[in-house]
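Each remark here refers to the structure printed beneath this line.
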Amino acid sequence: MTLRKLIAGNWKMHGSLSVLTEIDTIAAAAKGRDVDVAICPPFTLIARATGRGVAIGAQDCHAAAKGAHTGCVSAAMLVEAGAAYCIVGHSERRADNFETDADVKAKADAVIGAGMTAILCVGETVEQRRAGQAVEVVEAQLAGSLPASRDNLAIAYEPVWAIGTGLVPSNADVAEMHAAIRAVVGPDVRILYGGSVKPSNAAELLHVANVDGALVGGASLTAADFVPIIEAVSVR
């Protein structure tokens with residue numbers, strides 16, 4: 001079965017009201033293409049980014065529906081703001097905010113329970129890959145992080161050492177990892193590749209077996225970089 005590809009942009013802590021016109025340009029270029037497109041801007045821009053022709057997502061949420069969690073945002077709040085997707089378990093949050101697999105699972109359950117699609121991130125460090133443990137590490141992350149439901153779920157394989165570095169695994173390494181993930185999640189869950197995806201390598205990466213799209217960081221901030229990645233879906 002061929003899954004419809006998803007190209008999602010993670011703006012991280014970048015962006016302001018003045019750059020939302022980039023989304024308009026992205027939406028115009030994506031219109032009519034056989035691909036799903038989403039942009040995940042900072043929380044402050046979600047409501048203002050909706051209604052521009054592409055799906056809007058969030059970069060994180062709290063697992064609880066409400067409560068004394070200063071500075072946090074619930075999944076229901078994100079839906080109310082207009083979000084249709086939410087990234088959970090990104091390596092930067094696992095490292096910087098000390099999120100465990102159990103934390104990520106709880107967030108993914110909350111996201112799906114609120115009616116959004118969860119983009120659940122997994123990936124190994126360079127030390128783990130050099131030690132030959134990459135697949136083992138990712139399988140362990142999946143075992144601890146997968147939500148109860150596989151509906152409205154996408155997995156993003158993002159090797160930590162490739163994020164923002166310009167380094168990319170070989171096609172064979174990507175294929176091996178995506179096959180291992182596929183064996184765990186089954187045929188109906190989209191598996192995205194992320195980590196230094198850019199216009200120059202998107203077409204090659206997007207046509208590796210079991211790659212159902214991409215989670216794009218820096219190259220999603222401008223239409224000039226992001227649109228060619230969307231267009232690469234149809235390159236053969």
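Quick note: the coordinates plus some simple rules give every number you see, no bench work behind them. As the structure is a computational prediction, the values presented were derived from the model and not from experiment. Here the Cβ is made from the backbone with ideal geometry for all residues, glycine too, and neighbour counts use every protein chain on show.
Things worth noting here:
- Between residue 13 and residue 188, the FRET efficiency estimated from the beta carbon spacing at R0 = 22 angstrom works out to 0.10.
- Evaluated over the chain, the count of Lys pairs having alpha-carbon atoms less than 23 Å apart is 8 (only pairs 8 or more residues apart or interchain).
- Based on C-alpha pairs under 8 angstrom that are at least 6 apart in sequence, the stretch 126-215 has a relative contact order of 31 percent.
- Kirkwood-type hydrodynamic radius, the stretch 184-228: 11.2 Å, calculated from all non-identical alpha-carbon pairs.
- Rounded, prolate or oblate (a/c below 1.5 giving rounded, otherwise prolate when a/b exceeds b/c) for the stretch 1-60 by Cα gyration tensor: oblate
- The alpha carbon gyration tensor of the stretch 130-202 gives principal lengths a ≥ b ≥ c with a/c of 1.5 or higher and a/b greater than b/c, which makes the shape prolate.
- Where trypsin sites (Lys or Arg not before Pro) fall in DSSP loop in the stretch 52-137, at most 14 other Cβ within 10 Å: 66
- Cα gyration tensor, the stretch 101-229 - rounded (a/c under 1.5), prolate or oblate: oblate
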